[in-house]
Amino acid sequence: MSLISIVIPLYNYQDYIEGCLRSCLNQTFEDYDIIVTDDCSTDNSVNIVEKISIENNKVKLIKLDKNQGYSKAKNESIIHSSSEYIVHLDADDYLTPDSLELRINKFMREKDAKVVHGKVYSFYDNQTYEWCLSNRDSLSFIQADPHAQGVMIKRECYEKYGLYDESLRAKSDREMWVRLRDLVGIKFYAMQSYVAFYRIHYNSMIQYRSRNPEYDETVGYKCFEAIRERRRNGINKNNTRFIS
């Protein structure tokens, strides 16, 4: 059993998943595994993950039998993890080499912490992992507080307060942060260190939402409704999926 699991939802990111996994395997901290859940990709993504998993047994692959969305894929990775700490990473993004070490050290210093988060750089589609490492000073950073790629969270939070809302194809992270901070009262510990690189490209959700304001409004409304439901009726098995 590893101390930390990096969970990665995957769907049709054959151009990015190898770089993502290589950044995960380039960590200064060693006690971790990587759980990739494929949401029925139709490109070469699965073959790439399978090849890397043969080379390195830290990488584990789960295949869903039908496409069910980003939140479902994340949840399946969490369920299949037995680690005490969970880190989320999208299949088109990177971790900094000291990403896990920085965050687990924060947990060790803050004994009561349940959630810690670092800062996240942004980069563009033509910029490789190696380029990002060598040019950090020229990169911008994401203003979101916290950004999903910067969070490390104790698995017990999902056991006690539920998994990501699978009805939300976007903004399920935002709903989770509101659930934990506002409804439950969990303190989020912020770090000044950078722990991940977030890719900006044409097919990324943030770009899709910016091109489709009606869709962005719809997912925003669904997120608001999910928050309101749990605020009104509490977090329960009627409105939330749990690990067990």
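Which percent, to the nearest 5, of DSSP beta bridges fully inside the chain are antiparallel? Don't jump to the answer; show the numbers that get you there.
Details: 10 of 35 bridges.
Rounded to the nearest five, the antiparallel share is 30 percent.
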Task: Lysine pairs in region 91-213 with Cα atoms under 16 Å, if 8 or more residues apart or on separate chains - done: 11
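Find the all-direction average of the projected area of the Cα convex hull for region 1-44, expressing the result in square nanometres with one decimal place.
3.2
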Open item on the list: Taking the Cα centroid of region 1-66 and of region 130-207, what is the distance between the two, rounded to the nearest whole Å?
Closed with: 18
Task: Compactness of the chain - radius of gyration and Dmax, Cα, Å - done: 17.0, 49
- [ ] For region 120-162, go through all pairs of different Cα atoms, get the mean of 1/r, take its inverse, and jot down that Kirkwood value in Å.
- [x] 12.6
Task: Under 5 Å, built H, 5+ apart or other chain: amide partners of residue 196 - done: 96, 121
Open item on the list: I'd like the carbon and sulfur percentage of the solvent accessible area for the chain, probe radius 1.4 Å, heavy atoms only, ligands and nucleic acids excluded.
Closed with: 46
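Once you have the alpha carbon radius of gyration of region 104-181, what is it after dividing by 2.2 N^0.38 Å, with N set to its residue count?
Numbers: Rg = 15.2 Å, N = 78, 2.2 N^0.38 = 11.5 Å.
Relative to the rule-of-thumb radius for its length, region 104-181 sits at 1.32.
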- [ ] Tabulate in residue order the Karplus-calculated ³J(HN,Hα) for region 106-122, using 6.51 cos²θ - 1.76 cosθ + 1.60 with θ = phi - 60°, rounded to whole Hz; enter x for Gly and Pro.
- [x] 4, 4, 5, 7, 9, 4, 9, 5, 10, 9, 10, 8, x, 7, 10, 6, 10
Task: Note, ³J(HN,Hα) from phi for region 31-45, Karplus 6.51, -1.76, 1.60, rounded to Hz, x at Gly and Pro - done: 8, 7, 10, 10, 10, 9, 10, 8, 9, 6, 4, 10, 9, 8, 4
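Under a Cβ-only charge scheme (Lys and Arg +1, Asp and Glu -1), can you give me the dipole magnitude of the chain about the Cα centre, in debye to the nearest 20? Present the calculation step by step, with values, prior to reporting the outcome.
Numbers: 34 positive and 36 negative charges, 210 e Å.
Its charge dipole is roughly 1000 debye.
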Open item on the list: With an 8 Å Cα cut-off and a minimum separation of 6 or more residues, compute the relative contact order for the chain in percent.
Closed with: 22
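Evaluate 2.2 N^0.38 Å with N set to the residue count of region 1-130, then give the Cα radius of gyration divided by it. Intermediate results must be reported in sequence, preceding the final value.
Working: Rg = 14.4 Å, N = 130, 2.2 N^0.38 = 14.0 Å.
So the Cα radius of gyration is 1.03 times the expected 2.2 N^0.38 Å.
How large is the direction-averaged shadow of the alpha-carbon convex hull of region 117-244, in nm²?
Numbers: hull surface 35.8 nm².
Here the figure is 9.0 nm², rounded to one decimal.
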Open item on the list: With +1 assigned to the C-beta of every Lys and Arg and -1 to the C-beta of every Asp and Glu, and no other charges, what is the dipole magnitude of region 1-63 about the Cα centre in debye, to the nearest 20?
Closed with: 80
- [ ] Leaving ligands, DNA and RNA out of it, rank 129, 11, 221 by accessible area with a 1.4 Å probe, largest first.
- [x] 221, 11, 129
Task: Positive-pole candidate from 142, 124, 176, dipole of region 95-242, charges at beta carbon - done: 176
Task: residue 37 long-range amide H proximity, modeled H, under 5 Å - done: 8, 10, 62
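The values are calculated or read from the model by the stated rules, or taken from the named source; none is laboratory data. Being a predicted model, the structure only gives us computed values, none of them experimental. Every residue, glycine as well, gets a Cβ built from its backbone with ideal geometry; the counts of neighbours run over all protein chains shown. Ligands, DNA and RNA are excluded from the accessible area calculation, which covers all protein heavy atoms including side chains. Shrake-Rupley method; radii C 1.70, N 1.55, O 1.52, S 1.80 Å.
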